[in-house]
Amino acid sequence: MGWFTRSTAKKQQTEIPEGLFAVCPRCKAHIYKDEYENAFKVCSKCNYHERITAAERIRLIVDKGTFREFNAGIKPNDPLGFKDAKGTYQEKAESAIAKTGLHEAVVTGSGDIHGLRTTIAIMDFRFLGGSLASATGEKILLAAEHALRMKRALLIFSASGGARMHEGIVSLMQMAKTCAGIAKLDRAGLPYISIMTDPTYGGVSASYATVGDINIAEPGALIGFAGRRVIEQTIKEKLPDDFQTAEYLLDHGFLDAIVNRAELKEYLHSMLLYGLGKKV
């Protein structure tokens with residue numbers, strides 16, 4: 001072939017298989033999907049912790065094959081017969097059940113963390129924004145009573161937009177109800193560890209999420225009562241850019257620690273041993 005003769009054959013194009021990469025919601029980096037899933041949806045480039053489901057959290061912290069769910073059949077109640085322009089509360093609850101495969105915004109049960117049997121409640125934001133309702137509060141109370149009866153520690157993973165308005169005052173009553181159940185653990189000398197994830201707001205942040213013997217959070221989790229925009233409009237001031245982040249709360253004494261997802265199981269195991277008076 002002459003030096004100036006170009007081939008007319010088409011260059012072979014490399015096709016990237018669909019679904020090979022996951023895209024980080026924060027930094028937009030492309031990460032191999034398998035790598036991203038194995039890291040429980042934590043970006044290896046910027047350490048962004050994406051929201052994960054209750055089932056994924058169970059796989060993250062509980063020894064394989066040891067989780068036993070209880071009170072799974074408790075479902076939302078509709079004391080007000082609530083209805084708005086988008087439909088009835090009952091229709092919304094049924095849609096959430098069909099979408100998530102859960103009956104409520106929290107999964108409760110017991111499982112081993114490095115062989116240490118523990119009572120666990122894990123909120124799932126996919127179910128009506130992880131909102132706190134009568135059934136949610138009932139399941140958390142029963143989990144606290146189970147821990148008390150079995151003389152075990154209690155872990156609660158919070159992920160919530162706040163109280164479920166569809167149940168009105170009945171929803172708000174769950175704040176006192178859940179804290180009363182957790183107070184029994186305190187009197188019995190049993191540890192309660194609260195893990196706040198993104199987001200933890202409203203009635204959940206104002207009740208059981210912040211009354212742990214140890215309060216920890218995942219990096220970057222948004223935690224607060226009212227939202228940033230509501231507060232800025234109320235006080236007529238601009239808030240710091242990192243306001244209501246886990247890092248901001250740690251700096252201001254509202255958290256004991258921020259723990260990366262990859263280190264969470266080891267951290268919880270150590271804290272449980274300490275709280276139960278066992279040798280580390």
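Computed quantities for the displayed model
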| quantity | calculated |
| --- | --- |
| Residue in region 14-66 that is nearest to Leu116 (Cα to Cα), counting only those that are surrounded by 17 or more Cβ atoms within 10 Å (Cβ to Cβ) and of a type in the set (Val, Ile, Thr) | Val62 |
| Count of region 93-124 residues which are in contact (Cβ under 8 Å) with a residue 40 or more places away in the chain and among the acidic types (Asp, Glu) | 2 |
| Residue list for region 206-237, filter: of a type in the set (A, V, I, L, M), surrounded by fewer than 23 Cβ atoms within 10 Å (Cβ to Cβ) and assigned to a strand (DSSP E or B) | Ile214, Ile216, Leu222 |
| Whichever residue in region 41-83 is basic (Lys, Arg) and in a loop (DSSP other than H, G, I, E, B) and, among such residues, is nearest to Gly168 (Cα to Cα) | Lys75 |
| Selection from region 88-100 of residues that are surrounded by 12 or more Cβ atoms within 10 Å (Cβ to Cβ) and small (Gly, Ala, Ser) | Ala93, Ser95, Ala96 |
| Scan of region 178-224 for residues that are of a type in the set (Asp, Glu) and over 17 Å from His146 (Cα atoms), ordered by number | Asp198, Asp213, Glu218 |
| Test set (1) out of contact with any Phe, Trp or Tyr (no Cβ under 9 Å at 6 or more places or on another chain); (2) of a type outside the set (Phe, Trp, Tyr); (3) outside the structural domain of Thr136 (by TED's automatic domain parsing) - His30 fails condition number | (1) |
| Checklist (1) within 21 Å of the chain's Cα centre (by Cα); (2) farther than 18 Å from Ser158 by Cα applied to Ile223, failing item | (2) |
| Hey, Thr136 β-branched (Val, Ile, Thr), in a helix (DSSP H, G or I) and within 19 Å of the chain's Cα centre (by Cα) or not | yes |
| Residue satisfying condition, being closer than 13 Å to Ala209 by Cα and in contact (Cβ under 8 Å) with a residue 60 or more places away in the chain, within set Ala176, Ala153, Ala159 | Ala159 |
| Hits in region 176-205 - residues which are outside any helix (DSSP H, G or I), buried (at least 20 other Cβ atoms within 10 Å of the Cβ) and in contact with a helix residue (DSSP H, G or I) (Cβ under 7 Å, 6 or more places away or on another chain) | Leu190, Pro191, Tyr192, Ile193, Ser194, Met196, Thr200 |
| Odd one out for Phe243 among (1) farther than 24 Å from Ala54 by Cα; (2) hydrophobic (A, V, I, L, M, F, W, C); (3) touching a Ser or Thr at 6+ places or on another chain (Cβ under 9 Å) | (3) |
| Residues of region 257-280 that turn out to be charged (D, E, K, R), touching a helix residue (DSSP H, G or I) at 6+ places or on another chain (Cβ under 8 Å) and within 16 Å of Leu155 (Cα to Cα), as a count | 2 |
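The values are calculated or read from the model by the stated rules, or taken from the named source; none is laboratory data. Since the model is a prediction, treat every value here as computed from it, not as a measurement. Cβ coordinates were reconstructed from backbone atoms using ideal geometry, including for glycine residues, and neighbour counts include every protein chain displayed.
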